[in-house]
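Throughout, read-outs are computed from the coordinates displayed, never taken from laboratory work. All of these numbers come straight from a predicted model, not from anything done at the bench. Heads up, the Cβs are rebuilt from the backbone with ideal geometry, glycines too, and the neighbour counts pull from every protein chain shown.
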Amino acid sequence: MVAITRATLARQLSSSNTTRTTRTIVSSAIRKKYTKKKKRTVKQRTSSKKRTVKQRTSSSTTSPPLQQYNEVAGKSNIIDANEYDRYGNPTGREYDLGRDGAFMGFNILIGQFYSFDMQKPIDALKIKGFQVKHITTEDECITELASNLYQIAWIISSTQIRNSKFISALTAFHSAGGAIFLFADNTPYVCHVSEFLRTKFGITVEGNYYGGKTMTYKENGYLQAGNFGQHEIFTGITNLYEGITI
């Protein structure tokens, strides 16, 4: 019994040692394999970092933003243009104040309450990059002014204000930083403009005088009737028709 027990124990020990050896070999192989995977992972991460640095370097060398104004900005008397119109003003959009496409991201709301064809001005604004919303009622204008979508509002005045909330909506837009471009003709087509100016600044617009003349550029021309002086808004304009009425 003892002999059998010892023999059995010896076989068990031998079997146990073999199992341990096998486990050790397998464990060692697994550790080596895992270590190799870790090395590859580190290498991959290093490559990823290199790619990220390279991408960041590439993005930092982008071209500067487009300049908004043409080189002739502020010049009325342009003597070297290729061609001039019948009024003596240089032709070609390179003689405009703003560059083509330079105003992407700027939105203009046009509230036109006096009827005439606005398509050409709208097309010209779009060439410069502006997004334009054109509306013809005060109700629409009030809604759009409150939308926070526009940096600029054009208001083309008519003879009466139909919605009592219009002036307060326009005033709120202006007080929040919105720019306003006001258009008024002769009395009585001054209502929207005059009422806004009265509410905001305490001044009014009125008058109905015959014009029909052409104003001309002159240095310090603002000091004399019939002339205008140097200013960015007159870029590329030597002669300016004042309109039938003032």
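In square nanometres, what is one fourth of the surface area of the convex hull spanned by the alpha carbons of the range 145-215?
Across all orientations, the range 145-215 yields a mean hull projection of 5.7 nm².
Given H placed 1.01 Å from N in the peptide plane, which residues other than close sequence neighbours of residue 106 have an amide H under 5 Å from its amide H?
Hits under the 5 Å cutoff: 131.
Once the principal axes of the Cα atoms of the range 181-246 are found, what is the range along each, listed largest first in whole angstroms?
Its Cα atoms span 35, 24, 20 Å along the three principal axes.
Mind giving me the FRET efficiency for residue 162 and residue 201? R0 is 30 Å, r the Cβ-Cβ distance, nearest 0.05 is fine.
So, using R0 = 30 Å, E works out to roughly 0.85.
Find how much the distance from residue 143 to residue 223 grows on full extension, using 0.36 nm per residue of separation minus their present alpha carbon separation; answer in nm with one decimal.
24.6 nm
Which of the chymotrypsin sites (Phe, Trp or Tyr not before Pro) found in the range 88-197 are in a DSSP loop and have at most 10 neighbouring Cβ atoms, other than their own, within 10 Å?
For chymotrypsin sites (Phe, Trp or Tyr not before Pro) across the range 88-197 that sit outside H, G, I, E and B with at most 10 neighbouring Cβ atoms in 10 Å, the list reads 116.
Give me the percent relative contact order of the range 100-206, please, defined on Cα pairs under 8 angstrom at least 6 residues apart.
26
In whole Hz, with x marking every Gly and Pro, tabulate ³J(HN,Hα) for the range 208-214 from phi via Karplus 6.51 cos²θ - 1.76 cosθ + 1.60, θ = phi - 60°.
Values, residue by residue: 8, 10, 6, x, x, 9, 10 Hz.
What does the charge add up to near residue 133, with Lys and Arg as +1, Asp and Glu as -1, over the other residues with Cβ less than 13 Å from its Cβ?
-1
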